[in-house]
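**Q** Provided herewith is a single structure, encoded as structure tokens, for subsequent inquiry.
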């Protein structure tokens, strides 16, 4: 399973949601650039009914592709626009209809967040992990995320580190 920018945004959303429930993180709104490195180990949790729909050839190809990606670090850099609306709506999981998550804040200040996240969905997939974020100033944020996901007889670990820096109060055409 490849951790895409969308998945990273889920993790970043989890961090921001944790922050929004407590003392707000003291970060600037606007254009941010994030560089992340992640590794994954194991097989992605896919519901059995989805696996059953694959032909034996498709399943073998899928499993081989997953083995090839497991454990290899992958780096990504992307830009995103952090707006007040995203902080108030999207980052509070209001748009997430499939995963139901419980957040446990271990500690929170305007500069640091340590939290646990436990999620599940109707197909039996479960995900849990830890999120640690440090924002030494309003223009930078660094963190680590460790997630374990299980379901469909598979289990996968994902470890991610990220460094984010604020670029501008104007996002231009970046969403």
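Where a number appears in this text, it was derived from the coordinates with a stated rule and is not lab data. A quick note: this is a predicted structure, and the numbers were derived from the prediction, not measured.
**Q** Could you work out how much longer the chain between residue 110 and residue 157 gets when fully extended? Use 0.36 nm per residue separation minus the Cα distance between them, nm to one decimal. Don't skip to the answer; put the middle values down first.
**A** Working: separation 47, 0.36 × 47 = 16.92 nm, distance 2.89 nm.
Fully extending the segment from residue 110 to residue 157 adds 14.0 nm.
**Q** Still on this model: Residue separation times 0.36 nm, minus the C-alpha to C-alpha distance between residue 85 and residue 37: what's the value?
**A** Working: separation 48, 0.36 × 48 = 17.28 nm, distance 2.73 nm.
Length gained between residue 85 and residue 37: 14.5 nm.
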